[in-house]
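The values are calculated or read from the model by the stated rules, or taken from the named source; none is laboratory data. Just so you know, these numbers come straight off a predicted model, no measurement behind them. Backbone-built Cβ (ideal geometry, glycine too); neighbour counts: all protein chains shown. Only protein heavy atoms, including side chains, enter the accessible area calculation; ligands, DNA and RNA are left aside. Shrake-Rupley method; radii C 1.70, N 1.55, O 1.52, S 1.80 Å.
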Amino acid sequence: MGKELLNWEDGNWIGQTLEVPNGVCAVPGNDIDGFPKDLPYTDEVKAATDHLYAQVSDFIPAFEWPAYAPLVHAINILKKQKNAVVLAHNYMTPDIFALVGDYVGDSLGLAIEATKTDADMIIQGGVHFMAETSKILCPDKRVFIPSMRAGCSLASSITGADVRLIKQRYPGIPIVTYVNTSADVKAESDICCTSSNAVAIVEHIAAQHGVDKVIMLPDEFLAKNVARQTGIEIIAWHGRCEVHARFSAEDVRDMRAANPGVVVLAHPECPPEVVAESDFTGSTKAMSDYVGDHSPAKVILLTECSMSDNVAMANPGVDFVRPCNLCPHMKRITLENLYECLRDETNEVLVPEPMRAQAYDAVMRMIEVSFPKEKGYFDPDSPIKDIQVI
């Protein structure tokens, strides 16, 4: 897939959301030709990268470092030559997150940071909807993604056409859309939200419209967890994150039994029964902040497992138990295809202007809402509610 690929056809994204071939996650050099022949591990590369290895030594064996170092070195050189930045999501592997990422964090945080940079090019270390969000907020910048196959089960669960039908069926009820959606879905929404501000956004839009009912798309479990924290009635869509949906309450009880005293942190995309078994539930940033602020002796993060690796780098004194649910789509982004994307300027992400402008309005309405930090946390003891799922 190269520069000729169009992202949209008749208003629909034509990228793919596919499983990793043979169930094996891509690693640097796993293509048919192996590592690029123009990137040897020279004395120059060694001198330029040796100081970086300490950051990832717990995750990359020393004997593998000579395979990673040339790619890290080449990417960092190309970024300077092309005035490019890499946005590295919390779910990226530590080599990308720590060694080539210029901005790291959750999806919206990365997009907001992108608006502040004077770079000409943005390389998205994440999945397709994140690259779209960067393009929505930064229309004058060129945005690229190393793999067009880096999709998302949530983003693929709903389309803009679905939202238009929902609005016909439920006229007058505001629609809150999670940022984990494609641009056409955002464009059909009243306002967007993230996992860190979902409760506040639901209450804000309900008050603004003078209603006590809100439609929340597309994550069923996030909607159910939000419903537990507010008096606003929530109507949900049936989308689920394939990573977080795998966790069960029994998993949490088993992990506690195997690790006495462990602190369990859950993402609100997990089922409500899992949240009820946790000690703390919040966004990826909230979980990371919790570990940094509280320094628990032993902790479990119920989310994508690279997140634990990246939080562990910043908190070496904390013992991390790692239940490893990998996101196959995030793992399509590797150092190698990131290098090739930057080198060849392939896989540029394009959003039709009318769609981009409408989606921009929905995202900006969210950004403009201020709310107390505690609104971003989910009380595990709040009662589970039955809500309508369409």
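Taken together, the criteria place residue 313 among residues that are within 20 Å of residue 105 (Cα to Cα), assigned to a helix (DSSP H, G or I), out of contact with any Cys (no Cβ under 8 Å at 6 or more places or on another chain) and not acidic (Asp, Glu). Against the test of being within 24 Å of the chain's Cα centre (by Cα) and not acidic (Asp, Glu), the options 169, 149 yield a single qualifying residue, 149.
When residues in the range 337-355 are screened for being buried (at least 19 other Cβ atoms within 10 Å of the Cβ) and either of a type in the set (A, V, I, L, M, F, W, C) or in contact with a helix residue (DSSP H, G or I) (Cβ under 6 Å, 6 or more places away or on another chain) (or both), 8 of them pass.
Please specify each residue of the range 340-390 satisfying the condition of being part of a loop (DSSP other than H, G, I, E, B) and either hydroxyl-bearing (Ser, Thr, Tyr) or within 20 Å of the chain's Cα centre (by Cα) (or both). Walk me through how you get there before you give the answer.
Narrowing the range 340-390 to residues part of a loop (DSSP other than H, G, I, E, B): 345-347, 349-352, 368-372, 377, 379-387, 390.
Hits for the range 340-390 are 346, 347, 349, 350, 351, 370, 377, 382.
Matching residues to (1) at pLDDT 95 or above; (2) within 20 Å of the chain's Cα centre (by Cα); (3) not hydroxyl-bearing (Ser, Thr, Tyr):
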{"position": "38", "(1), (2), (3)": "no, no, yes"}
{"position": "43", "(1), (2), (3)": "yes, no, yes"}
{"position": "69", "(1), (2), (3)": "yes, no, yes"}
{"position": "75", "(1), (2), (3)": "yes, no, yes"}
{"position": "82", "(1), (2), (3)": "yes, no, yes"}
{"position": "88", "(1), (2), (3)": "yes, yes, yes"}
{"position": "116", "(1), (2), (3)": "no, yes, yes"}
{"position": "119", "(1), (2), (3)": "yes, no, yes"}
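Applying the condition of being in a loop (DSSP other than H, G, I, E, B) and buried (at least 24 other Cβ atoms within 10 Å of the Cβ) to the range 189-210 and asking which residue is modelled with the lowest pLDDT yields 195.
Taken over the range 224-259, the criterion of being basic (Lys, Arg), open to solvent by 30 Å² or more (accessible area, probe 1.4 Å) and within 24 Å of the chain's Cα centre (by Cα) is satisfied by 224, 240, 246. Listed here are the helices (runs of 4 or more DSSP H) enclosed by the range 63-172 that have at least 2 residues being aliphatic (A, V, I, L, M) and open to solvent by 30 Å² or more (accessible area, probe 1.4 Å): 65-82, 160-169.
Taking the range 211-223 as the range and being over 23 Å from the mean Cα position of the chain (by Cα) and buried (at least 22 other Cβ atoms within 10 Å of the Cβ) as the test, only 214 passes. Scan the range 205-233 for residues that are over 15 Å from residue 190 (Cα atoms) and in contact (Cβ under 8 Å) with a residue 24 or more places away in the chain and the total you get is 14.
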